[in-house]
Amino acid sequence: MEQKDMLRIVLVGCGAMSRAWLQTATELADVEVVGLVDIYEEAAHARARELQLTQALIGTDLGEVLERTRPDIVFNCTIPEAHLQTSLQALEAGCHVLSEKPLAASLEAARTLVAAAKRVERYFAVMQNRRYDANILRVRHALASGELGALTTVNSDFYIGAHFGGFRDQMRHVLLLDMAIHTFDAARFLTGADPVSVYCHEWNPAGSWYDHDASAIAIFEMTGGLMYTYRGSWCAEGLATTWESDWRLIAQRGSITWDGGKDVRVQQVQETGGFLSTFRDVEPDLVERTERTQGHSSAIRDFVACVREGRAPQTSGTDNIKSLAMVFAAIESAESGKRVAVSW
Ligand SMILES: NC(=O)c1ccc[n+]([C@@H]2O[C@H](COP(=O)([O-])OP(=O)(O)OC[C@H]3O[C@@H](n4cnc5c(N)ncnc54)[C@H](O)[C@@H]3O)[C@@H](O)[C@H]2O)c1
């Protein structure tokens, strides 16, 4: 990319998430928010007022705003059903695109976007903010040291009694579609493995405040023979896990437990030969909290840096479609009652 002093940004979808995106954008010295788009013009005006984006062009028609502002980057913060159309239009106008998760509302739409980004030679990436978290990086580093040997088994539990009271209460596959993408992507990030097949069972627990299934258990076979299990519910009162899930990672010479927060425990085999091996506790290195470990904000900074430096973002559509494929394969398995191959 030709070096420009300022990268021009248009943000589409000025709802709840857009505040955090725009806050970061306004903190970056080398970007300029030149346009805000929402089907409800007042939503865009409200964000412009709140963040004092007085120079930004406000509109309800993305095509028109793109034409008039000629941005380098489009931030897509619309609802999942609008992700395909918004990202496609932005890519075809020659923009790099960072989209809120999920990449798209269907695998077919995701494939269309990945192909479009390749065709127009623009970066297209997805907000997987949990990859930019000091705690998950700490677990990842502990695994990468190689001391524990190869990973064989990974379990994650996600239990939160979430009373959203909005559209989610009526949504089908609410947990798998709206939340599990984060956990599945974290499983790929931690293990470095890709999905092969899945068997999933979904149900709605008695007394649920959701119209459809809000609990699921999925067993994934991953590359290298690694097994990954997911147990989750948005309808589980008491003893909540973190939003990052509660994890156990078992390797050939030891295990890690991680509560999704600051509690990371590592035990490594010291001696084998008896009925039980003996172990030593290992204190995993702390990962410093920096600009690179601030979730959304770091993901946005990294994407802007990728565009500027001409390097592929780690959550590119090409990679992220594999996490999305886990979601749709789990849903297909739950609906068919059969084990399903994961393809993308
Ligand atoms: N990464 C995370 O942790 C995280 C957390 C919550 C939500 N999200 C994702 O962020 C996205 C937005 O969620 P939200 O909570 O901000 O939703 P929201 O409903 O508050 O905001 C969405 C906005 O997009 C606008 N919009 C819808 N269709 C549009 C279109 N075609 N063109 C322009 N504007 C359009 C709506 O009018 C609304 O203002 C979703 O994809 C959601 O899954 C991500």
Mind listing just one residue for me: the one in the range 61-83 that is within 27 Å of the chain's Cα centre (by Cα) and open to solvent by 60 Å² or more (accessible area, probe 1.4 Å) and, of those, nearest to the ligand (Cβ to nearest atom)?
ILE79
Do we have ARG168 as in contact with a Phe, Trp or Tyr (Cβ under 8 Å, 6 or more places away or on another chain) and crowded, with 16+ Cβ neighbours inside 10 Å here?
yes
Of the residues in the range 251-286, how many are touching a strand residue (DSSP E or B) at 6+ places or on another chain (Cβ under 9 Å), open to solvent by 50 Å² or more (accessible area, probe 1.4 Å) and hydrophobic (A, V, I, L, M, F, W, C)?
1
Residues ALA187, ALA180: which one is open to solvent by less than 20 Å² (accessible area, probe 1.4 Å) and touching a Ser or Thr at 6+ places or on another chain (Cβ under 7 Å)?
ALA187
What is the residue count in the range 67-106 for residues that are farther than 21 Å from PRO313 by Cβ, touching a residue at least 40 places away in the same chain (Cβ under 8 Å) and not small (Gly, Ala, Ser)?
3
Consider the range 203-245. How many of its residues are surrounded by 14 or more Cβ atoms within 10 Å (Cβ to Cβ), assigned to a loop (DSSP other than H, G, I, E, B) and touching a residue at least 60 places away in the same chain (Cβ under 8 Å)?
9
Go through the range 144-164 and report how many residues are in contact with a helix residue (DSSP H, G or I) (Cβ under 8 Å, 6 or more places away or on another chain) and open to solvent by 30 Å² or more (accessible area, probe 1.4 Å).
3
Could you tell me which numbered condition HIS141 fails, if it satisfies all but one of (1) touching a Gly at 6+ places or on another chain (Cβ under 7 Å); (2) open to solvent by 40 Å² or more (accessible area, probe 1.4 Å)?
(1)
Of the residues in the range 1-31 that are touching a Leu at 6+ places or on another chain (Cβ under 7 Å) and away from the ligand (no atom under 15 Å from the Cβ), the one that is least open to solvent (accessible area, probe 1.4 Å) is VAL31
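Look through GLN128, GLN170 and report the one residue that is over 23 Å from THR229 (Cβ atoms) and within 16 Å of the ligand (Cβ to nearest atom).
None of the other options fit; the residue is GLN170.
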The range 112-131, residues that are within 17 Å of the chain's Cα centre (by Cα), of a type in the set (D, E, K, R) and within 17 Å of CYS306 (Cα to Cα):
ARG131
So which residues in the range 304-344 are part of a loop (DSSP other than H, G, I, E, B) and either out of contact with any Leu (no Cβ under 9 Å at 6 or more places or on another chain) or open to solvent by 20 Å² or more (accessible area, probe 1.4 Å) (or both), if there are any at all?
GLY310, ARG311, ALA312, GLN314, GLY337, LYS338, ARG339, VAL342, SER343, TRP344
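The values are calculated or read from the model by the stated rules, or taken from the named source; none is laboratory data. On a predicted model such as this, the values are computed, not experimentally measured, just so you know. In this analysis, Cβ positions are derived from the backbone assuming ideal geometry, glycine residues included, and neighbour counts consider all displayed protein chains. For the accessible areas, the whole protein counts, side chains as well, though only heavy atoms, and no ligand, DNA or RNA atoms are used. Shrake-Rupley method; radii C 1.70, N 1.55, O 1.52, S 1.80 Å.
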